[in-house]
1. So what's the angle, to the nearest 10 degrees on a 0 to 90 scale, between helix 693-715 and the longest Cα principal axis of the chain?
2. With every protein chain in place, what's the accessible area of Arg542 (1.4 Å probe, Å², nearest 10)?
3. Relative to the compact globular guide of 2.2 N^0.38 Å, what is the alpha carbon radius of gyration of the chain, as a ratio?
4. Once each part is reduced to its C-alpha centroid, what is the distance from the stretch 124-149 to the stretch 466-497 in angstrom?
5. Restricting attention to the alpha-carbon atoms of the stretch 294-338, what are Rg (one decimal) and Dmax (integer), both in Å?
6. Could you tell me which of Gly530, Leu173, Tyr401 has its Cα farthest along the dipole of the chain towards the positive end, charges placed at Cβ (Lys, Arg +1; Asp, Glu -1), taken about the Cα centre?
7. How high is the relative contact order of the stretch 187-238? Use alpha-carbon pairs under 8 Å, at least six apart in sequence, and give a whole percent.
8. Taking the solvent-accessible surface of protein heavy atoms with a 1.4 Å probe, what is the per residue accessible area of the stretch 371-499 in Å²?
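The values are calculated or read from the model by the stated rules, or taken from the named source; none is laboratory data. These figures come from a predicted structure and were not determined experimentally. Heads up, the Cβs are rebuilt from the backbone with ideal geometry, glycines too, and the neighbour counts pull from every protein chain shown. Surface areas here come from the heavy atoms of the whole protein model, side chains and all, with no ligands, DNA or RNA. Shrake-Rupley method; radii C 1.70, N 1.55, O 1.52, S 1.80 Å.
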Amino acid sequence: MRKALPLFMLLLFAGNAFALSVELGIDEVLIVDNTVVTFDVPQNNPSPIFLLLESENTSLIKGLHFGESVLFNGVNYTVGSLYLDTLTLRLHLSGNYSSFRVLKKRDFEVSLVESFDAYIKVKVKNTGYYEISDALMVLAQGVGIVEQPVVLKPGESLTLKISPSYNQLTFMLKEAKLSKTITVTSLKELVTIEKIWRDEKLHVLLKNHGDPVGVTVKLLVSGMTLDKKEVYLNSKEEREVVFDIDVTQGTVLIDYGVVKQESFYFEMPKISLVKVEKEGGKLGVWLRNDGKASFLGKVAVYQNSAIVGEPYFADVTINPNEEAYLEFKVPEDVQILTIGVTSGSYSVTFPLFLKAELTAKAVNSYAKGILGGSVSYVITVVGNGKAEFGIRGLPDSIKAYFYYGDTQVRELDVSQNAQITLLLKIPNLPQGFMLNEPIDFSVTVNDIEIPLKLEVGGMGILPVYGDNWLAKVNYTSEHHHVGLPYRVMGNEITPPFAFEPWDGEKIAVLYGRHIRQGKDLRIHLLDLSGKIIASSTQERGRSDYIVFTEGDFMVMVEGEGYFEGILLVSDYLNGLRNVSFELRRREFGEGLRTFIINATSLRGQKLKFSLSSDRDVELRVYYFTLNNEKENFDPLSTNFKGAFKGKGKAIEGELGIRSYEDFIALAVIGEGNVTINFEKAGRGAEVGELKSRGAYLIIGALVILLALVVYLEKKMG
């Protein structure tokens with residue numbers, strides 16, 4: 001408190017000039033606008049203190065005692081206390097300057113780029129003010145494993161690859177005696193076995209997730225090595241390795257400096273009846289093996305459990321993913337038959353209804369999907385014969401696919417019955433249709449027309465931002481809500497996000513992490529047909545926003561690479577006016593109404609507000625100009641970080657509007673009939689440039705006050 005009081009008095013009377021105390025270490029530099037400030041002290045006598053000030057065109061070094069000052073480039077530097085145990089100097093600044101910052105003279109940071117079981121890769125970056133020209137040592141468990149010279153200008157970085165991998169590494173600059181330690185919490189597999197499959201040979205698919213590497217691949221059966229392959233995988237490459245050995249069970253072992261293995265076992269064959277044809281007394285049968293092992297067995301034709309086909313048993317071999325044709329003599333008038341397929345370890349039967357006509361119907365005639373998603377319908381076809389499938393009345397932007405099992409089909413030879421899946425893939429934008437309006441179309445099976453209905457809603461749900469537990473417990477919705485902030489992530493561009501219909505003037509605001517990362521994002525406002533109505537144009541480093549009045553709308557975000565941000569759509573008040581509304585409980589479990597107020601016309605003044613309601617409600621007011629202030633906006637959070645909060649049926653308050661204010665956010669939570677009144681109040685203090693003789697008198701008074709501060713600092717120790 002003793003140290004804060006002089007600074008508070010200084011700022012109170014400063015007027016149009018900044019006055020500030022800064023602590024500067026012997027290993028740090030102070031940057032005031034374009035001036036670089038450092039200091040040094042004699043080894044045996046800490047007085048005087050030598051202050052070095054440098055700018056682009058000039059420099060100055062001066063020895064100063066406690067309380068003495070030096071003027072450089074319009075800024076006055078006064079020497080305060082020196083803490084000998086830490087060699088930290090307190091400097092008092094006064095005069096005209098716009099910014100300052102303190103940096104280490106020499107410093108660096110280490111970040112993890114990749115961590116694999118075969119190696120790890122790290123990035124070393126110079127975060128200090130001066131260039132690093134030193135020897136970099138890497139230690140693991142106190143033992144040096146890497147040493148190399150490094151030369152890094154401020155902001156430059158280099159990448160190191162360290163093998164084998166360690167859980168903890170220490171990086172040390174030998175001459176500067178600086179060190180950083182990183183901990184590797186998990187290691188990924190550099191090479192993985194993606195897939196093992198079998199036809200007449202054994203196939204192994206490998207994938208390299210990192211830098212190029214050589215891999216030894218062994219095939220083991222009962223612990224014995226049957227074959228070995230040497231392969232070289234480029235970065236991110238997938239490679240198929242083939243062994244000319246027909247085995248059904250064993251182990252694949254890979255060695256790339258790290259040994260991994262995976263066992264395999266192939267299932268029994270899977271025989272399906274593809275189609276049958278009967279002409280008089282001749283029956284043609286097509287069988288297919290959809291399994292992963294060859295089938296060797298017999299096929300017979302039965303009626304009422306008695307063999308009626310000739311030959312009685314037909315020998316057949318069907319390799320995986322192949323078909324076989326068999327022919328039998330059967331009675332001409334037969335209608336119901338059974339085909340039996342048997343081997344030593346496998347058997348299956350297929351009942352046949354030979355003269356039934358095809359019928360078709362939809363198991364589900366209605367489906368609802370979202371933009372960028374897919375929906376499916378199940379069609380059952382009963383009878384025997386060829387069925388051809390088609391689509392009528394579906395917009396061209398929605399793609400349709402028919403599947404029988406895992407196979408895409410447009411026609412199928414049906415034997416007794418078949419179940420077909422119609423898959424519709426919905427585009428990211430509503431092209432040729434409107435959101436939330438039914439689309440009538442039909443599926444055709446030969447001459448049979450089956451009417452179907454499709455409804456498309458907006459994109460899936462964005463996560464709610466912040467500590468909004470009320471909006472997260474068992475809550476899903478087909479649309480996003482006005483007044484709630486959402487987390488939004490994307491790569492280059494997101495699909496459009498549909499919002500609830502909302503009348504009146506609104507604002508869509510985008511802020512958050514991307515601003516701290518220096519990324520430039522844009523908001524696109526779309527109607528429900530996917531047409532872009534407006535786009536934001538704010539410059540890089542500022543949160544984007546769009547003001548609009550459309551009641552039915554969607555929002556899409558475009559950015560640079562992968563990005564994260566916060567999206568808020570809210571009611572907008574361009575000027576002060578009184579508002580009245582009914583506040584009801586919303587789908588997410590609470591009543592909420594949010595207003596963003598344009599505060600540019602209120603700068604330097606006070607905003608007074610009063611709320612009246614027929615039921616208890618809560619009023620929250622936030623500064624909403626700076627990015628971190630926008631991130632503090634969390635209307636349903638129990639951790640309030642705003643400027644004003646009140647609860648009851650009658651609430652009054654006021655807020656000082658700063659000279660740079662753009663927006664103020666106001667949220668009302670609860671239920672009831674609410675009226676809010678706004679009015680301007682008296683003006684607040686403004687900060688301007690020094691342009692008059694009065695300003696110079698203030699600076700003179702500031703210098704006198706500064707001397708008083710130094711004297712008080714001496715007296716107080």
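1. 90 degrees
2. Looks like 120 Å² after rounding.
3. Rg over 2.2 N^0.38 Å, computed on Cα atoms: 1.43.
4. Comparing the Cα centres of the stretch 124-149 and the stretch 466-497, I get a distance of 44 Å.
5. Here Rg and the maximum Cα pair distance are 12.0, 35 Å.
6. Sorting the options by dipole projection puts first Leu173.
7. Working: 85 pairs, mean separation 16.9, N = 52.
Normalised by residue count, the contact order of the stretch 187-238 is 33 percent.
8. 46 Å²
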